[in-house]
Amino acid sequence: MRLLGLMTGMAFGSLLQRGKLARQDVIIDQFALRDARVVKTMGTAVAVGAAGIHALVAMGLTKKDVKPMKVGGVAGGAVLFGAGLALFGYCPGTSLAALGEGRRDAMAGVLGMLFGATAFVRLYPALVPLIDAGGDFGKLTVRRRLLERSQASNHELARGS
Amino acid sequence: MMSAQTRSGPSRSPYVVGAGLGILNTLAFLTAKRGLGVTSAFESTAALAGRKVAPDLTQVNSYLKARDEAPKIDWETLLAVGLPIGSFLAARASSEPWSDDTSPQRAQRFGANGGTSLAVSFLGGALMMFGARLAKGCTSGHGITGTSQLALSSLVFTPLMFVTAGIAVRALYGRGES
């Protein structure tokens, strides 16, 4: 399993490098809306991955791996993440790829990422109420929610309205 | 903006690379029952290192008690290790010049690879990772893997992160016409 992870990571890194995503100017230009390379790449990755993953799930070859929708954690995390990303000029995956290209800024930022993870571990018990603030909707997907809704309305229809 | 140098090697089109990432993510689900993600490996590494080096300072025991799963060196950790190796090999394979270039706008604001720039990178990386662990995902885990599964959490995280980063980039570096 570890070897598989290493190989997946190497393929991931080479794709990011080929896609020019290990570059700070590309990332910052995306968020300044000067260049859409990141969105084009991510959009294609999501379209292809969604088809592939849902096909595998339908064939019973894998199961979904969904993060819980905890309002405080997801919303608060997204805001801190966005601010940090703007300061750093890379996201976590692209910074590791930039490390492989020898970029010094990325090295400093990856050390910062280790520090940030350690701070998270240190503060975790105190953070739990913050993460859970606003409610926990569980590992919900939009597809499942829509299915539940249509089932519920079918049920109501069947009961004869 | 983009350097116009012609380089050898496979396509650099965002659509081709994006399709490659989508296929890789599908393969990950097939072989490892999970998708591309980077930051959970940092959390488990921090917990493991904290337990070994400074269990009191990091209060790692109360973290471990509050967590349902024990941190370990696994698929995700090795993925994070493989990432820079793959990028390094890809850069070498296409014999790109070793470059330390940064964003021109960012260099104007914080200097290029000087003390300020490195300190801001460290701070930004720390903030970003802290946020990623609060939300349990990053641009990969939420932005690509989560949205591919139509996960509600990822469909909230990704646009909110994009808007915040957009506002912060404008505030930090200005419009910077180029």
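The values are calculated or read from the model by the stated rules, or taken from the named source; none is laboratory data. This is a predicted model, so every value here is computed, not measured. Ideal geometry is used to build each Cβ from the backbone, glycine not excepted, and the neighbour counts take in all protein chains shown.
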Hey, A:K63 in contact (Cβ under 8 Å) with a residue 24 or more places away in the chain and among the basic types (K, R) or not: no
Checking A:G9 against (1) over 23 Å from B:I167 (Cα atoms); (2) surrounded by fewer than 24 Cβ atoms within 10 Å (Cβ to Cβ), the condition it does not meet: (2)
Index of the failed condition, A:V26 passing every other in (1) touching a Lys or Arg at 6+ places or on another chain (Cβ under 6 Å); (2) under 30 Å from A:V128 (Cα atoms); (3) assigned to a helix (DSSP H, G or I): (2)
Helices (runs of 4 or more DSSP H) wholly inside the stretch B:1-120 that include at least 1 residues being acidic (D, E) and under 30 Å from B:S148 (Cα atoms): B:39-53, B:75-93
Exclusive hit being over 19 Å from A:L15 (Cα atoms), more than 8 Å from every other protein chain (Cβ to nearest Cβ) and buried (at least 24 other Cβ atoms within 10 Å of the Cβ), set B:A126, B:A41: B:A41
Which numbered condition A:A106 misses (of (1) part of a helix (DSSP H, G or I); (2) more than 14 Å from B:A132 (Cα to Cα); (3) free of Cβ contacts under 8 Å to residues at least 12 places away in the same chain; (4) not aromatic (F, W, Y)): (3)
Options A:K40, A:K70: the member that is of a type in the set (K, R) and without any contact (Cβ under 8 Å) to a residue 24 or more places away in the chain: A:K40
Lone unmet requirement of (1) on the phi > 0 side of the Ramachandran plot; (2) at pLDDT 95 or above for B:I144: (1)
Single condition A:V66 does not satisfy, out of (1) within 7 Å of another protein chain (Cβ to nearest Cβ); (2) among the β-branched types (V, I, T); (3) in a helix (DSSP H, G or I); (4) closer than 28 Å to A:F120 by Cα: (3)
Yes/no for A:A75 being outside any loop (DSSP other than H, G, I, E, B), surrounded by fewer than 22 Cβ atoms within 10 Å (Cβ to Cβ), at pLDDT 95 or above and more than 7 Å from chain B (Cβ to nearest Cβ): no
Options A:G52, A:G102, A:G60; residue that is at pLDDT below 95, surrounded by fewer than 24 Cβ atoms within 10 Å (Cβ to Cβ) and not polar (S, T, N, Q): A:G102
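In this structure, does A:V46 turn out to be at the interface with chain B (Cβ under 7 Å from one of its Cβ atoms), more than 25 Å from B:D100 (Cβ to Cβ) and surrounded by 22 or more Cβ atoms within 10 Å (Cβ to Cβ)?
Here the answer is yes, as A:V46 does meet what is asked.
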Unique match (being over 15 Å from the mean Cα position of the chain (by Cα) and surrounded by 21 or more Cβ atoms within 10 Å (Cβ to Cβ)) among A:F88, A:F81: A:F88
Near pairs, Cβ below 9 angstrom, 6+ apart or cross-chain, from the stretch A:5-33 (more than 7 Å from every other protein chain (Cβ to nearest Cβ)) to any residue that is among the hydroxyl-bearing types (S, T, Y) and in a helix (DSSP H, G or I): A:L21/A:T41; A:L21/A:T94; A:R23/A:T94; A:V26/A:T94; A:I27/A:T94
